[in-house]
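Asks: Take this structure first; my questions come after.
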Amino acid sequence: MKSTTYINKVDETGAEEKTDTDRNMAVMFEILRRKRQVKLESFILNRSSFAQTVENLFALSFLVKDGRVEIVVHGSGSHIVSPKNAPAASSIASGEAAYSHFVFRFDFKDWKDLLRN
């Protein structure tokens, strides 16, 4: 996955181009749709790039926020990522459903530790 472009660009026809983050999210969701469950660390880890691992975590955060993905702690203590049906816009607008967020501390040392596993 490539670096992120944070601003959507509009071409002359008025159609929005997908950002790198949008593309990363689509790829990640497709992987989850096929595999159904993936360990968090194996899902986001790029063994040759700390920056790409951070980009993967960034894209995953949007999937969680949008309600398209959930992260649960498995009985073994592993964090498991799986797809889910996002709530309808009307459910969010009415307050019936809410956006989800997560906080994840991750630095270069954490990435190095993941490489050892």
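The values are calculated or read from the model by the stated rules, or taken from the named source; none is laboratory data. Note that this is a predicted model, so its numbers are computed, not measured. Using ideal geometry, Cβ is built from the backbone for each residue, glycine included, and neighbour counts are taken over all protein chains shown.
Asks: Among the numbered criteria (1) surrounded by 13 or more Cβ atoms within 10 Å (Cβ to Cβ); (2) in contact (Cβ under 8 Å) with a residue 60 or more places away in the chain, which single criterion is violated by N117?
Replies: For N117, the failing item is (1).
Asks: Can you give me the number of residues within region 67-87 that are more than 20 Å from N46 (Cα to Cα), out of contact with any Lys or Arg (no Cβ under 9 Å at 6 or more places or on another chain) and either assigned to a loop (DSSP other than H, G, I, E, B) or touching a residue at least 12 places away in the same chain (Cβ under 8 Å) (or both)?
Replies: 4
Asks: Only one of these conditions is not met by M28: (1) in a helix (DSSP H, G or I); (2) out of contact with any helix residue (DSSP H, G or I) (no Cβ under 7 Å at 6 or more places or on another chain). Which number is it?
Replies: For M28, the exception is condition (2).
Asks: Starting from region 26-42, keep only residues that are of a type in the set (S, T, N, Q), then list their pairs with residues that are at pLDDT 90 or above whose Cβ atoms are within a distance under 8 Å, requiring at least 6 positions of separation or different chains.
Replies: Every condition considered, the pairs that remain are Q37/I80; Q37/V81; Q37/S82.
Asks: A further question follows. So the check is Cβ under 6 Å with 6+ separation or different chains; which pairs have a first residue in region 92-108 that's modelled with pLDDT under 70 and a second one that's assigned to a loop (DSSP other than H, G, I, E, B)?
Replies: Note: pairs meeting the criteria are A97/P87.
Asks: A further question on this structure: Take the residues in region 46-66 that are within 17 Å of R23 (Cα to Cα) and assigned to a loop (DSSP other than H, G, I, E, B); name whichever of them is modelled with the highest pLDDT.
Replies: First pass over region 46-66, keeping only residues within 17 Å of R23 (Cα to Cα): 46, 51-66.
When the remaining residues are screened for being assigned to a loop (DSSP other than H, G, I, E, B), the result is 46, 66.
Values: N46: 91, D66: 83.
Restricting to residues being within 17 Å of R23 (Cα to Cα) and assigned to a loop (DSSP other than H, G, I, E, B), the top hit is N46.
Asks: Identify all residues within region 47-66 that are without any contact (Cβ under 8 Å) to a residue 40 or more places away in the chain and surrounded by fewer than 16 Cβ atoms within 10 Å (Cβ to Cβ); write none if there are none.
Replies: The first filter runs over region 47-66 and keeps only residues without any contact (Cβ under 8 Å) to a residue 40 or more places away in the chain, leaving 48-49, 60, 63-66.
Residues satisfying the conditions are S48, S49, K65, D66.
Asks: Looking at region 88-106, is at least one residue acidic (D, E) and either assigned to a loop (DSSP other than H, G, I, E, B) or surrounded by fewer than 15 Cβ atoms within 10 Å (Cβ to Cβ) (or both)? Break it down into steps so the answer makes sense when it comes.
Replies: We begin by selecting, within region 88-106, every residue acidic (D, E); these are 96.
Narrowing further to those that are either assigned to a loop (DSSP other than H, G, I, E, B) or surrounded by fewer than 15 Cβ atoms within 10 Å (Cβ to Cβ) (or both): 96.
Checked region 88-106: at least one residue is acidic (D, E) and either assigned to a loop (DSSP other than H, G, I, E, B) or surrounded by fewer than 15 Cβ atoms within 10 Å (Cβ to Cβ) (or both).
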